[in-house]
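K.L.:
Structure in structure tokens, see below.
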Amino acid sequence: MTDLFVRIPEDRLAVLIGVGGVVRKTIEELSGATLSIDSSDSSIEIHSPPEADPWGAMKARDVVAAIGRGFSPERAFRLFKGENYLNVLNMREVTGKKDKNAVRRIRARLIGERGNARERLEELSGCSISIQGYHVAIIGSAEELERGTRALTMLLRGSEHSTVFGFLSGERRRMSQLPAED
């Protein structure tokens with residue numbers, strides 16, 4: 001039996017459950033695990049029976065964590081498709097824990113005017129990106145996560161948008177020129 005635990009922000013519990021419990025039911029169906037939600041402390045326990053594939057419970061944990069980090073359920077469900085993974089970056093590790101204005105500025109740089117920077121990062125990296133509080137969450141394949149994480153880290157450390165977008169464009173060209181695997 002696999003038991004995993006996740007705690008998410010209280011304001012994301014309704015999103016996790018969904019209207020009529022549809023999101024919760026979908027997670028349980030796709031993962032083979034059951035979710036026990038404790039609204040008193042916003043904790044979720046993920047149970048997987050002994051005969052079930054433990055990967056299902058781990059994917060369910062990642063989907064719950066992704067929803068907790070601001071992804072819509074539809075975007076979080078990408079984790080159930082193929083070899084997609086979740087990565088979470090803490091902006092305070094770059095800015096320092098006490099400088100709230102630095103985090104606010106960096107968050108604004110990552111999002112951009114009307115969300116244009118985030119959309120461009122997603123387009124060029126192939127990742128789905130959510131920025132909430134002090135965290136940046138990324139969903140993608142291993143290669144996409146590598147590119148997306150590197151690009152976001154560059155922005156967090158002060159690189160210009162044009163430099164980061166140029167890096168991602170170059171990586172995209174390089175990947176398209178590689179021979180296909182058999």
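K.L.:
Please state the shape class of the chain: rounded when a/c is under 1.5, otherwise prolate if a/b exceeds b/c and oblate if not, all from the C-alpha gyration tensor.
P.N.:
Oblate shape, in that a/c is at least 1.5 and b/c is the bigger or equal ratio.
K.L.:
Going by how many other beta carbons lie within 10 Å of each one, how would you line up 109, 104, fewest first?
P.N.:
104, 109
K.L.:
Let me ask another. How big is the Cα convex hull of segment 1-89 in projection, averaged over all directions, in nm²?
P.N.:
Spelled out: convex hull of the Cα atoms, projected over all directions, averaged, 5.5 nm².
K.L.:
Based on DSSP H runs of at least 4 residues, each adding -39500 (n - 2.57), what is the mean residue ellipticity at 222 nm of the chain after dividing by all its residues, to the nearest 500 deg cm²/dmol?
P.N.:
So the helix-based figure for the chain works out to -15000 deg cm²/dmol.
K.L.:
Determine the sum of side-chain charges near residue 27: Lys and Arg each +1, Asp and Glu each -1, restricted to other residues whose C-beta is under 14 angstrom from that of residue 27.
P.N.:
With Lys, Arg at +1 and Asp, Glu at -1, the net is +3.
K.L.:
Could I ask something else about it? Can you work out D for segment 78-173 in µm² s⁻¹ from Stokes-Einstein, where Rh is the Kirkwood radius over C-alpha pairs, the temperature is 20 °C and the viscosity is 1.002 mPa s?
P.N.:
It comes out at roughly 160 µm²/s.
K.L.:
As a footprinting exposure proxy, order 46, 8 by other Cβ within 10 Å, with the fewest listed first.
P.N.:
If I rank by nearby Cβ atoms, fewest first, I get 8, 46.
K.L.:
Could you line up 164, 15 from fewest to most neighbouring Cβ atoms inside 10 Å?
P.N.:
Listing 164, 15 from fewest to most nearby Cβ atoms yields 15, 164.
K.L.:
Also, quick follow-up: First select every other residue whose beta carbon is under 13 angstrom from the beta carbon of residue 118; then total the charges, Lys and Arg +1, Asp and Glu -1.
P.N.:
+1
K.L.:
Which of 33, 57, 14 ends up with the largest GNM mean-square fluctuation for the chain, with Cα atoms connected below 10 Å?
P.N.:
Among 33, 57, 14, the largest GNM mean-square fluctuation belongs to 14.
A short reminder: the numbers here are calculations on the coordinates, not readings from a lab. The structure presented is a predicted model; accordingly, all values stated were derived computationally and were not measured. Please note: Cβ atoms are built from the backbone with ideal geometry, for glycine as well, and neighbour counts cover all protein chains shown.
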